[in-house]
Amino acid sequence: MTAAIAESLRTGEHLLVQAGTGTGKSLGYLSPALTVDGPVVISTATLALQSQLVDHDLPRLAEAVKPLLGREPTYAVLKGRHHYLCVAKLEHAGDAEEEPAGLFDATVAETGPAKTKTVWIGEAGRLGKQFDRLRDWAAKTDTGDRDELDPGVDDVIWRQVSMPARECVGASRCPYGQECFAEASRARAREADLVVTNHSLLAVDMMAGRQIVPPHKLLIIDEAHELADRVSSATQAELTAEAVDRTARASRSYIEPEDHASLQEAADALTLGLVETPAGRLQTGLPTVLHEACTLIDGATSRALRQIGEIKADDPDPVRKQQAKATLTELNTTAQRLLAAADYDVAWVEHEPRRALVVAPLSVAGLLAEKLYEERTVVATSATLTLGGTFEPVARSLGLIAKTPPAPDAAAKAAAGTLPAKAVKPPAEHNELPWTSLDVGSPFDYAKQGILYVAAHLPRPAASGLPDAAAEELLTLIEALGGRTLGLFSSRRAAQQAAELVRMKTDYTVLLQGDEALPLLVRKFRADKASCLFGVMSLWQGVDVPGDACQLVVIDRLPFPRPDEPLAAARSAAVDDAGGSGFASVSVPIAAVRLAQGVGRLIRSTSDKGVVAVLDSRLETARGYGSFLRKSLPPFWYTTKREVALGALKRLSAD
């Protein structure tokens, strides 16, 4: 991996590297990064990996290479502005204009005309104590980084003292610009050899014309299988009645009374439209009630923005004025985007967790092709980059391959499993950008350490929840091992049904996601071998329990996107309309990534042993995609024989 990155730096070719758990991939990419003249940027998807790099890997590496380089390399973390304390907002937190409903009153009318959240006096007192503790911390902190505030504070408190980038007036026009923690973090990043950031900020930087992340020659994207989804989230926008109402309050001092009334009228119209429109994708454009609401928002915000005009350094309150202008601009842009109803956008209505009108791009591959690779070499790495035995599905999602490339003979053979994927270098004439790939394998002997058991005798899953036959299979597997089971479920309902069944039929401790904070549940699971941990999608990636505390991973069904997932459904329909198969091109790759991540929870060290049990017979019986999904998984010893799996679990139980 290190040699391949060095070669990519020499040639300028972008590189995809699949590096399984336990390969030490962070040191594999950090080492060659230190040979680059100028800063190198590393982007991660999760805070856990960011912390691992900054707290463990980078300090060890910097100390180790100091004798070779003659100096100790420097590194810095770069986060979005909202992660840092804003001194300007801290000075005004709790002011009437800033939080009109009264943050520390006995009741808080948080959501405007749509609904009201009540905070009892005891809750208000708890928040008040948090705010006092935050003020004490603000007087001592050197960084203003929220992650260094221990214990932390509720989001409702942090919002009062942090500044989203879109609302920031800029250091030159802010009375507290010289004290800005976010600006200080950027200054440190500009001086560092290695800058660690996250996919969301990387997406914002791309869309902002590379104005946030320091200029660099090498970008390393770890957890690269998450990048497209994070970019989709960053380019997504929404309208809520609460946001329109808040914006009306924030801008009241700077606009005419009739325009303030127009904003409130627009909020009421949006409330009505969202109540009358069922949740789901809007396939034929905006319904009349939502079209009228967006038209009102567009008109009211446009007039308000003209009145506010340009914000000058000598304005009496530039910070609040900028906040009002920023939120007005965001509403205006989103309303116009929804009214335009472009073919490349998807719109839908949400009713939970709050009513919202949402719009997102149909695909971000084109955006990535245009913005991600220019004037820098990109190395994308993850434990899950090959799907069906080839890098092409992920390369296509990252904008490295044109949408409908002719299939070269070598790539076709790799997809069929007759040629190792790592030997395939896609011909340049079929690529939008020059790239190559490498699978460095794994230190684990999957065929000897684990069994992949597919319960092919079970009926094909149909109704939501956990079918009776699958529930009985789950119980039998758990009893054969005696606990030590991580259950990954496709729905909250299925996880709850499984928990109720195991609690009723056995004496094992059952830990259910949502009952307590996830880190606490994982600690309990790790400490108690006679326990089971059940949960939904966030557990498929977020659990690392090496050793014999987790020797059985059960997956209730193949994790295809649900039909009511608006983006996946729209992308699938677009492929169908173009004459392809939306299911094969969209749903199957999504399921492959999710399944590989879930299966990867089992073997976390070279001494781990266990069984992955998939209670969905389609992984064995489905023609075409069943084989594709299996090729996307680590090479476990494979069986559909129930007695083989139960025998292995009983032997593990006896160890």
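Here's the yes/no breakdown for (1) surrounded by fewer than 20 Cβ atoms within 10 Å (Cβ to Cβ); (2) more than 23 Å from the chain's Cα centre (by Cα); (3) acidic (Asp, Glu):
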| residue | (1), (2), (3) |
| --- | --- |
| 155 | yes, no, yes |
| 169 | no, yes, no |
| 179 | yes, yes, yes |
| 195 | no, no, no |
| 200 | yes, no, no |
| 207 | yes, no, no |
| 217 | yes, yes, no |
| 252 | yes, yes, no |
| 258 | yes, yes, yes |
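For the range 492-521, a residue qualifies if it is part of a helix (DSSP H, G or I), in contact with a helix residue (DSSP H, G or I) (Cβ under 8 Å, 6 or more places away or on another chain) and closer than 27 Å to residue 609 by Cβ, and the qualifying residues are 498, 501, 502, 505, 518.
Condition (residue is more than 20 Å from residue 458 (Cβ to Cβ) and either open to solvent by 80 Å² or more (accessible area, probe 1.4 Å) or without any contact (Cβ under 8 Å) to a residue 60 or more places away in the chain (or both)) applied to the range 608-620: is it met by at least one residue? Yes, the range 608-620 contains at least one residue that is more than 20 Å from residue 458 (Cβ to Cβ) and either open to solvent by 80 Å² or more (accessible area, probe 1.4 Å) or without any contact (Cβ under 8 Å) to a residue 60 or more places away in the chain (or both). The helices (runs of 4 or more DSSP H) found entirely in the range 122-237 that carry 2 or more residues being touching a Gly at 6+ places or on another chain (Cβ under 9 Å) and under 30 Å from residue 400 (Cβ atoms) are 199-207.
So which of 357, 339 is in a helix (DSSP H, G or I) and either hydrophobic (A, V, I, L, M, F, W, C) or surrounded by fewer than 20 Cβ atoms within 10 Å (Cβ to Cβ) (or both)? Every option except 339 fails the conditions.
Yes or no, residue by residue, for (1) within 25 Å of residue 479 (Cα to Cα); (2) assigned to a loop (DSSP other than H, G, I, E, B); (3) out of contact with any Asp or Glu (no Cβ under 6 Å at 6 or more places or on another chain); (4) charged (D, E, K, R):
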position	(1), (2), (3), (4)
549	yes, yes, yes, no
554	yes, no, yes, no
560	no, yes, yes, no
563	no, yes, yes, no
580	no, yes, yes, no
592	no, no, yes, no
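Can you name the residue in the range 5-29 that is among the small types (Gly, Ala, Ser) and in contact with a helix residue (DSSP H, G or I) (Cβ under 8 Å, 6 or more places away or on another chain) and is also surrounded by the fewest Cβ atoms within 10 Å (Cβ to Cβ) among such residues? Checking each candidate, the answer is 6. Is it the case that the range 71-84 has a residue that's polar (S, T, N, Q) and at pLDDT below 90? Looking for residues that are polar (S, T, N, Q) and at pLDDT below 90, one finds none in the range 71-84, hence no.
Scan the range 484-491 and give yes if some residue there is of a type in the set (Val, Ile, Thr), closer than 16 Å to residue 614 by Cα and either open to solvent by 30 Å² or more (accessible area, probe 1.4 Å) or part of a loop (DSSP other than H, G, I, E, B) (or both), otherwise no. No: zero hits. Of all residues in the range 498-528, those satisfying the criterion of being touching a Gly at 6+ places or on another chain (Cβ under 6 Å) and either under 22 Å from residue 464 (Cβ atoms) or open to solvent by 80 Å² or more (accessible area, probe 1.4 Å) (or both) are 498, 513. Among the numbered conditions (1) assigned to a helix (DSSP H, G or I); (2) farther than 25 Å from residue 160 by Cβ, the only one that residue 312 does not meet is (1).
In the range 545-598, which residue that is touching a Leu at 6+ places or on another chain (Cβ under 9 Å), touching a residue at least 60 places away in the same chain (Cβ under 8 Å) and among the small types (Gly, Ala, Ser) is farthest from residue 362 (Cα to Cα)? Residue satisfying both the conditions and the ranking: 598. Can you find a residue in the range 237-248 that is closer than 30 Å to residue 50 by Cα and open to solvent by 40 Å² or more (accessible area, probe 1.4 Å)? Yes, that holds for at least one residue.
For the residues 272, 296, 286, 263, the requirement of being under 26 Å from residue 564 (Cβ atoms) and surrounded by 19 or more Cβ atoms within 10 Å (Cβ to Cβ) singles out 286. Every listed requirement among (1) in contact with a strand residue (DSSP E or B) (Cβ under 6 Å, 6 or more places away or on another chain); (2) more than 25 Å from residue 223 (Cα to Cα) is met by residue 589 save one, (2). When the range 320-378 is filtered for residues that are free of Cβ contacts under 8 Å to residues at least 12 places away in the same chain and of a type in the set (A, V, I, L, M, F, W, C), the ones remaining, listed by number, are 340, 342. Please enumerate the residues belonging to the range 30-50 that are of a type in the set (A, V, I, L, M) and surrounded by 15 or more Cβ atoms within 10 Å (Cβ to Cβ). Listed by number, the residues that qualify are 30, 33, 34, 36, 40, 41, 42, 45, 49.
Every residue, every condition in (1) without any contact (Cβ under 8 Å) to a residue 40 or more places away in the chain; (2) closer than 30 Å to residue 315 by Cβ, yes or no:
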site: 222; (1), (2): no, no
site: 232; (1), (2): no, no
site: 236; (1), (2): no, no
site: 248; (1), (2): yes, yes
site: 259; (1), (2): no, yes
site: 262; (1), (2): no, yes
site: 266; (1), (2): yes, yes
site: 280; (1), (2): no, no
site: 291; (1), (2): no, no
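Remark: pairs (first residue in the range 202-219, farther than 15 Å from residue 364 by Cα; second residue hydroxyl-bearing (Ser, Thr, Tyr) and open to solvent by 10 Å² or more (accessible area, probe 1.4 Å); Cβ separation under 9 Å; 6+ apart in sequence or on different chains) = 217/377; 218/377; 219/373; 219/377. Among the residues making up the range 592-602, those that are under 16 Å from the mean Cα position of the chain (by Cα) and within 17 Å of residue 229 (Cα to Cα) are 593, 594, 597. So which residues in the range 267-309 are over 17 Å from residue 251 (Cβ atoms), in a helix (DSSP H, G or I) and of a type in the set (Val, Ile, Thr), if there are any at all? 271, 275, 288, 289, 295, listed by residue number.
Exactly one residue among 107, 118, 111, 141 is of a type in the set (S, T, N, Q) and modelled with pLDDT of 85 or more, and that residue is 141.
The values are calculated or read from the model by the stated rules, or taken from the named source; none is laboratory data. Since we're looking at a predicted model, the values are computed, not measured. Ideal geometry is used to build each Cβ from the backbone, glycine not excepted, and the neighbour counts take in all protein chains shown. In case anyone asks, the SASA skips ligands and DNA or RNA and just uses the protein heavy atoms, side chains included. Shrake-Rupley method; radii C 1.70, N 1.55, O 1.52, S 1.80 Å.
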